[in-house]
Amino acid sequence: MRKKDQPDIPAIKKTVDKTPHTPLSYHQLGVKYYKQNLFAKAKEAWEKAISLDPEYMDARAGLGLSYMHTKQFQVAKNILEQGLKHHPDHIPSLINLALAWHEEDHFGKTSELYEKILKLDNKNQNALYGYGKLLYQTGNYLESINYLKILITENPAFFQAIYLLGCAYQDSHTNQEAIDCFKTILGMNPDYVLAYYNLGKIYQAKGQLSVAEDFYKKAIKIKPNFSEVYASLGGLYLDMADTKNAHTMFMKALKQSNNDLKILSVFLYFLNFRPQYENNKTFNYHKEWGNNISSKISMFSNNFHDYTPYRQINIGYVSPDFREHSVIYFIYPVLLNHDSERFKIFIYSNVQKKDNQTNKIKSLCHIFRDIRGMSGKTAAKQIQNDKIDILVDLAGHTHNHRLDIFAFKPAPIQVTYLGYPNTTGLKQIDYRFTDHIADPIEKQTDYTENIYRLAPPFVCYNPPENIPDISSLPYSYNHYITFGSFNYLGKINHQVIQAWAAIMKKVPDSRLFLKSRPLHDPFPKKRIFQLFQKEGIDETRIQLKGHVGSYFEHLSQYNMIDIALDPFPYNGTTTTCEALLMGVPVLTIEGSNHAGRVGKSLLYSIGLKDWVAQNETDLLLKAYALAGSEKMLIDIRSQLRNILLNADLCNQKVQTNKIEDAFIWLWQKRCKTHIKN
């Protein structure tokens, strides 16, 4: 029977009335109801078919699927598994069972089912797509690509498979193949907005910001209320150091999404770059995010946790950045030096693309769990089942964070540390680790967390193994001073440009060397030149550089700088340590919040308090004085690396001991509170 000749619902009902004991008619009726989203009626029809024939597997497969649509996954699994006991190779039931396990984040069981189906039918398109989707979700991009390519060979018009293949290529940084997939989709459907969006993301990641902007604008033209695109444009304008337009885009994104939690979180990160925002406004936005997510979930109970005070303490670290990322330079030494008798270390990795650093981290813990693709609730259940005593967030509101897990309160003590220069806004996080320089005692009110102040510095820098030699002072052969900053371009706001331009005017014939990934694109280059031109600095005095090939080459670029300048109100951390490692003095301004006081904390920790200015005028005077003494700069260059490496800032054992002492104190305090209560 051709599709157009298939009976409609009234015709099937007539058949049912005539032959009420025929399960096929009830099954057909269930199919029709299901396709019209009449799930309750579909269930009723399929249940009738099964009551007439308990082994009618097609009806059982349909009934399981209908329960899944009402989020009753356990009921669906029971129905499907009961039938599979007698017909273990019924592929529709196996497919739907795999979907039910997948919905509940049981990735191992889901994988087993898809592998079984593909042994029965290695070209089953539903299984190829479902398995490809599972592998993509869990970060197994290459395997996902293989299955999706097999599927597309079988069915070149499988639109969703081509899109997912593009996403897998994109996230595995195989950019050209991803671009080809999304352009193929646009050839099939020129208005497919997600293809434009993903093309924008690819080109933005490549540093081709102008191209990315064009794709984002095409997406908005098709879908004017596409909030995620406005948020991406906000990030793109921040990449260009255009905080004004970035703010406008984020406001549009929040409006279009009705303050969606993910978009609000991205906006919170952006606020750290805004010199105009008052700290209390930023704090209130963070609290709003925390209150919103808390209102949507139910916290776990920790009443039955083991509160034995003097035992091995289970520590869990959660981060998307257990990879080649700046966070690694500061958490690796702690993980390397943890006392494995006193602490059992669990890593909960949300890394999107694993690399050699991920493998190194695996070797430094007792248990490594990949939580990519898990819902917050599922990951929180795993953490509670692991009996974690202290759970540590290392990301805050940075990209791919998992604060949604912390909202469930799966551990008795929760801490945020290192990755984010502000409060999380989440009341379920009990403490924030910092020091009294970055966060003076009077700043306590700016956080939803309690402040635990480590002895300064609050971080420990782990230099890379392969470090370039330090060159002679550039001034000695250039005969002009080269100032420089290798910070993210989004930190170079108008106030920073004014301050640095004033320094360049004060120091005759001086140059400025800026290096940042977005400067690969001509548009932000042109914009930076124009902004300095407005302050009276000709572009011939400014050198701009984008991404370089290797980290060794990146560090080598510091050999072109005499004096590094720290941006504000969002200081550098890794870049400051890199400059010091390469013998380059760093001048910073003491800010009013954590993001603007990290530079002070780092410099104080190595005894270089004179490099911390109180304001822009003081910064100008310090820069002028330092630039005017070639001998001082030569002496600094020859000694600074050793000063850094011998300071507490690079003392891994001292830093680890500080953190471990904090963990022990917090744990014993919590145990006493539990016993008292």
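Computed from the coordinates by the stated procedures, all read-outs in this text should not be read as laboratory data. It should be emphasised that the depicted structure is a prediction, and the values quoted were computed from it without experimental measurement. Note: ideal-geometry Cβ built from the backbone for every residue, glycine included; neighbour counts use all protein chains shown.
Annotations
- On Cα atoms only, tilt of 175-188 relative to the major axis of the chain in degrees: 50 degrees
- Size descriptor, Kirkwood hydrodynamic radius, that averages inverse alpha-carbon separations across the stretch 554-602, Å: 10.8 Å
- For the stretch 474-650, the relative contact order comes to 22 percent (Cα pairs under 8 Å, sequence separation of at least 6).
- Across all Cα atoms of the stretch 123-197, the radius of gyration (one decimal) and Dmax (whole number) stand at 11.3, 31 Å.
- Descending principal axes extents, the stretch 474-650, alpha-carbon based, whole Å: 42, 37, 35
- The relative contact order of the chain comes to 9 percent, based on Cα pairs under 8 Å that sit 6 or more residues apart.
- Loop sites in the stretch 79-144: trypsin sites (Lys or Arg not before Pro), DSSP, at most 14 other Cβ within 10 Å: LYS85, LYS123
- Under the criterion of Cα pairs below 8 Å and six or more residues apart, the relative contact order for the stretch 191-296 equals 18 percent.
- Global dimensions of the stretch 191-296 from alpha-carbon coordinates: Rg and Dmax equal 14.1, 43 Å.
- Relative intensity, log₁₀ I(q)/I(0), of the stretch 16-74 from a Debye sum that treats every alpha carbon as a point, q = 0.12, 0.23 Å⁻¹: -0.23, -0.80
- Whole-percent pair-distance distribution, where bins are 5 Å wide, for the alpha carbons of the stretch 313-454: 2, 10, 21, 23, 22, 15, 6, 2, 0
- Annotation for the stretch 560-619: trypsin sites (Lys or Arg not before Pro) lying in DSSP loop with at most 13 further Cβ atoms inside 10 Å of their Cβ do not exist.
- Relative to the longest principal axis of the Cα atoms of the chain, helix 376-385 runs at roughly 80 degrees.
- Each of PHE343, PHE159 was scored by other Cβ atoms within 10 Å of its Cβ. Listed from fewest to most, they are PHE159, PHE343.
- For LYS515, LYS18, order by how many other beta-carbon atoms lie within 10 Å, fewest first: LYS18, LYS515
- Here the peptides 487-499, 573-585, 650-662 are ranked by packing, the mean other Cβ count within 10 Å, and the order with the highest first is 573-585, 487-499, 650-662.
- C-alpha center-to-center spacing [the stretch 434-496, the stretch 218-263] in angstrom: 29 Å
- Dimensionless Rg over Rh [the chain; C-alpha; Kirkwood]: 1.03
- Applying both filters, DSSP loop and at most 14 other Cβ atoms within 10 Å, to the chymotrypsin sites (Phe, Trp or Tyr not before Pro) of the stretch 389-483 gives TYR480.
- Counting only alpha carbon atoms, the long axis of helix 279-295 and the longest principal axis of the chain meet at about 20°.
- Gain in span if fully extended, TYR310 to ASP191, counting 0.36 nm per residue against the direct Cα distance: 36.6 nm
- Residues ARG369, ARG60 arranged by fewest to most Cβ contacts within 10 Å: ARG369, ARG60
- In nm, spacing of pseudo-spin labels at SER295 and GLU553 (7 Å Cα→C-beta vector): 5.1 nm
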